[in-house]
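Comments concern the structure below.
The values are calculated or read from the model by the stated rules, or taken from the named source; none is laboratory data. None of the values given here were measured: they were computed from a predicted structure. Note: ideal-geometry Cβ built from the backbone for every residue, glycine included; neighbour counts use all protein chains shown. Protein only, heavy atoms only, side chains kept; ligands, DNA and RNA dropped before computing areas. Shrake-Rupley method; radii C 1.70, N 1.55, O 1.52, S 1.80 Å.
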Amino acid sequence: MLSVLSYGRLVARAVIGGLSQTDGRDYSLVTASCGFGKDIRKGIQKKGMCYGDDACFIARHRSADVLGVADGVGGWRDYGVDPSQFSGTLMKTCERLIKEGRFVPSNPVGVLTTSYYELLQNKVPLLGSSTACIVVLDRQSHRLHTANLGDSGFLVVRGGEVVHRSDEQQHYFNTPFQLSIAPPEAEGEVLSDSPDTADSLSFDVQLGDIILTATDGLFDNMPDYMILHELKRLKNTNYESIQQTARSIAEHAHVLAYDPNYMSPFAQFACDNGLNVRGGKPDDITVLLSIVAEYTD
C-alpha cells in the first residue's frame, strides 16, 4: 500500500509530466536559402527565388510557415521551352495561395493540387514539367505536414540524427514523378503524374529541430553523413548562422557535383541499376535550411 506521501509524489510527477508535454507556445520556422545553377560557378538568385531550373518559395501566414522547392525538367529545353518557367510559376502560385490564406495547414497536397490546376487553366499554356516538395509547419499544433512528388525532398534532424525524411518517387532510374503540362498533340506521350500521387507525411516537431528541404541536386551529390557533418556548424537559431550553413551545404554539393572521381549517391544508384557511372552529378542545387523556433511577430 502506498503511503500518502508516496501517492502525493506520484500525482505530482504525473501533473508535471502532463504539463511538460503541453506546450502552449506557437512555433515558427527560421529559414534561409542558397542555391546554384549547374552552369554557374557562383550563386546567383534570379527573381522569384530560382536557381537554374530549380525554384523555391518561403511564405508566412498567421497559422503556418510554408516552404517549397521544385525542379524543372531540363529535357523541355530540347523543344524550345525554358524549364524554369514551369517550376518558377508553380512555386509562385503556391506562395500566393499561402499569403492569401487559401490553404489548410494539414493538407499540403491541396496546395500543390490547386496550384497545378491554376497552371492548367492559363489562357496561354505554360508547357513544362517539375518535381515538387511542400513543407508546412502548423504553428499551434507543432505538426509538420509534407507533400513530396518526385525526387526533391526533406530531412528532419534532431540531436544529430535524421528522424524523418521524405520518400523518393521514381518511375525508373533517373525518371522521377513529375507534374507536367504538354501541348495537345503530345498529351499521352509526356510523363505526367497527378498531384494526388504525392507522398504525404505528418508528424510532431520540437523546438530546435532542423529541417533541410532541397532539390535532387543536393541529395544526388551529398549522402546523409556529409549533410549531418555540415549541420554541426549550426549552433543557434540566428538567421545569419542558418544562412551561412545553408551556403556551406550548397557550395559543398556544388563542388562534389563536378568531381569526376567522387562516388556520389547518384553514381552509386546508377551502378545499382547496372550502369557504369562515377563522379558527381552536375545539376541545379536548391537548399532551404530551417530551424523550429518559438514564434515571434
Check your understanding: How far apart, in nm, are two points set 7 Å out from the Cα along the Cα-to-Cβ line at D167 and at Y117?
Key -> 2.5 nm
Review point. Any idea of the accessible area per residue across segment 253-295, 1.4 Å probe, to the nearest Å²?
Key: 43 Å²
Study note, to complete from the structure: Phi angles of segment 204-219, converted by Karplus (6.51 cos²θ - 1.76 cosθ + 1.60, θ = phi - 60°) into ³J(HN,Hα) in whole Hz with x for Gly and Pro, give 6, 10, 10, 4, x, 4, 9, 10, 10, 10, 7, 7, 5, x, 7, 5
Practice item. For the chain, give the percent of accessible area contributed by carbon and sulfur heavy atoms, probe 1.4 Å, rounded to a whole number. Key: 51 percent
Practice item. Would you calculate a helix-derived [θ] at 222 nm for the chain, using -39,500 (n - 2.57) for each DSSP H run of n ≥ 4 and dividing by the full residue count, to the nearest 500? Key: -9000 deg cm²/dmol
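Please state the charge dipole magnitude for the chain, taken about the Cα centre, from unit charges on C-beta atoms (+1 on K and R, -1 on D and E), reported in debye and rounded to the nearest 20. Let's see the in-between values first.
Values: 26 positive and 37 negative charges, 240 e Å.
Using only the charged Cβ atoms, the result is roughly 1160 debye.
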Study note, to complete from the structure: Restricting to Cα pairs under 8 Å and 6 or more apart, the percent relative contact order of the chain works out to 22 percent
Check your understanding: Measuring with a 1.4 Å probe in the full set of protein chains, what accessible area per residue, in whole Å², belongs to segment 136-188?
Key -> 42 Å²
Point to revise | Entries in K99/K232; K92/K123; K38/K235 that, when Cα-Cα distance is taken, lie over 26 Å | key: K99/K232; K38/K235
Review point. Which loop trypsin sites (Lys or Arg not before Pro) in segment 77-126, with loop taken from DSSP, have no more than 10 other Cβ atoms within 10 angstrom of their Cβ?
Key: K123
Point to revise | Calculated mean projected area of the Cα convex hull in nm² (choose from [x] 20.8; [y] 19.7; [z] 32.4), label | key: [y]
Point to revise | Note, ³J(HN,Hα) from phi for segment 130-140, Karplus 6.51, -1.76, 1.60, rounded to Hz, x at Gly and Pro | key: 6, 7, 7, 9, 10, 10, 10, 9, 6, 4, 7
Revision key, fill the gap. Residues of segment 75-107 with backbone N under 18 Å of the label point set 7 Å from the Cα of N174 along Cα→Cβ are 75-79
Check your understanding: Which residues make up the longest stretch of the chain clear of GluC sites (Glu not before Pro) that lie in a DSSP loop with no more than 14 other Cβ atoms within 10 Å, not counting the sites?
Key -> 190-297
